[in-house]
1. Select from the range 210-232 the residues that are aliphatic (A, V, I, L, M) and open to solvent by less than 70 Å² (accessible area, probe 1.4 Å) and write down the one among them that is farthest from the chain's Cα centre (by Cα).
2. Sort out which residues of the range 28-53 are of a type in the set (A, V, I, L, M, F, W, C) and open to solvent by less than 20 Å² (accessible area, probe 1.4 Å), and write them in order of number.
3. Any idea which residue in the range 111-161 is modelled with the lowest pLDDT, counting only those that are open to solvent by 40 Å² or more (accessible area, probe 1.4 Å) and part of a strand (DSSP E or B)?
4. Could you please find all residues in the range 1-33 being of a type in the set (A, V, I, L, M, F, W, C) and closer than 30 Å to ASP168 by Cα?
5. Of everything in the range 68-85, what is over 15 Å from ASN187 (Cα atoms) and either modelled with pLDDT of 95 or more or in contact with a Lys or Arg (Cβ under 6 Å, 6 or more places away or on another chain) (or both)? Give them in sequence order.
6. Condition first: assigned to a helix (DSSP H, G or I) and either touching a residue at least 12 places away in the same chain (Cβ under 8 Å) or buried (at least 19 other Cβ atoms within 10 Å of the Cβ) (or both). Now tell me which residues in the range 162-201 satisfy that.
7. Would you be able to say whether some residue in the range 54-67 is open to solvent by less than 30 Å² (accessible area, probe 1.4 Å), more than 15 Å from the chain's Cα centre (by Cα) and modelled with pLDDT under 95?
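The values are calculated or read from the model by the stated rules, or taken from the named source; none is laboratory data. What you see is a predicted model, and the numbers here were worked out from it, not measured in a lab. A quick note on method: Cβ atoms are made from the backbone with ideal geometry, for glycine too, and the neighbour counts reach across all protein chains shown. Only protein heavy atoms, including side chains, enter the accessible area calculation; ligands, DNA and RNA are left aside. Shrake-Rupley method; radii C 1.70, N 1.55, O 1.52, S 1.80 Å.
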Amino acid sequence: MRELSQLIDVEEPAWPDIRDTLEASPVSVEVLPPDKDLGRVSIHQLQVTARSYLGAVVLHCGGLLVDGGWLRVFGSPVGGAARGTPAFARVNQFPEAFDPEWRPETGLVVAHDVLGGVFALNGAAPARSGRPGAPGEIVYFAPDSLRWEALGVGHSTWLDWLLSGALDDFYADLRRPGWREEVRALNGDQGLSLFPPLWSAEARQDISATSRRAVPMKELLGVARDACRQFDGADPGFLGAV
């Protein structure tokens with residue numbers, strides 16, 4: 001196990017590159033203020049260096065609210081920041097005190113979108129966990145299909161991709177007029193519940209005709225997980241603790 005100094009005192013840290021990408025991004029991104037102590041504790045448990053994009057975000061950033069908060073990339077936020085957006089450590093159920101034996105069971109949840117979509121970083125054995133893709137690859141739990149999808153990229157490429165403006169195309173079929181106002185009204189631990197649900201034929205035919213209400217993200221993820229078990233007889237596994 002590496003000491004904290006070995007993780008944060010590195011050559012070519014990633015945060016300056018990420019900051020430059022954020023400044024040049026065509027997307028609306030709010031960078032949440034970090035809790036320095038939480039960031040240090042979290043990167044120590046994570047055991048990745050600040051040379052990686054993942055380590056840099058956890059250490060130097062309270063999180064990123066992309067597209068007005070449609071997508072929440074988790075970091076180490078100051079308490080009470082961003083209307084309750086949870087910390088990376090909380091979402092991934094880090095132990096309260098450093099535990100050298102702790103490992104995430106299936107991988108790490110790195111972001112949620114307001115519809116209950118989950119971006120996760122695959123662990124060492126994704127197939128054993130019922131997930132597609134290779135170890136270290138970003139996968140997406142799609143709330144409209146209730147399935148994991150491999151994105152074919154690692155964390156750093158994924159972060160550059162979402163800051164490039166690609167989310168407009170990625171979510172083209174899941175956004176309706178007025179979505180920005182709906183998202184703006186949410187707390188950081190809430191999502192949008194649709195009726196009929198996203199995976200229904202009715203919603204797929206005309207998403208603008210669905211009704212929407214704000215619900216706790218915990219409830220939204222729980223409903224999706226239960227629907228997977230009911231329809232496919234398969235459990236998608238851990239979707240993040242919020």
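1. The initial filter retains those residues of the range 210-232 that are aliphatic (A, V, I, L, M), namely 214-215, 217, 220-221, 223-224, 227.
Narrowing further to those that are open to solvent by less than 70 Å² (accessible area, probe 1.4 Å): 214-215, 217, 220-221, 224, 227.
Values: ALA214: 18, VAL215: 17, MET217: 12, LEU220: 14, LEU221: 12, ALA224: 16, ALA227: 21 Å.
Ranking the qualifying residues of the range 210-232, first place goes to ALA227.
2. Across the range 28-53, the qualifying residues are LEU32, ILE43, ALA50.
3. That would be ARG147.
4. At the first step, the residues of the range 1-33 found to be of a type in the set (A, V, I, L, M, F, W, C) are 1, 4, 7-8, 10, 14-15, 18, 22, 24, 27, 29, 31-32.
Those that are of a type in the set (A, V, I, L, M, F, W, C) and closer than 30 Å to ASP168 by Cα: ALA14, TRP15, ILE18, LEU22, ALA24, VAL27, VAL29, VAL31, LEU32.
5. The initial filter retains those residues of the range 68-85 that are over 15 Å from ASN187 (Cα atoms), namely 75-76, 78.
Correct list: GLY75, SER76.
6. LEU162, LEU167, TRP179, ARG180, GLU182, VAL183, ARG184
7. Checked against the condition, which is being open to solvent by less than 30 Å² (accessible area, probe 1.4 Å), more than 15 Å from the chain's Cα centre (by Cα) and modelled with pLDDT under 95, the range 54-67 yields no hits at all.
So that you can scan it fast, the table gives a plain yes or no per residue for (1) of a type in the set (Ser, Thr, Tyr); (2) touching a residue at least 24 places away in the same chain (Cβ under 8 Å):
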{"position": "SER5", "(1), (2)": "yes, no"}
{"position": "GLU12", "(1), (2)": "no, yes"}
{"position": "ALA24", "(1), (2)": "no, no"}
{"position": "PRO34", "(1), (2)": "no, yes"}
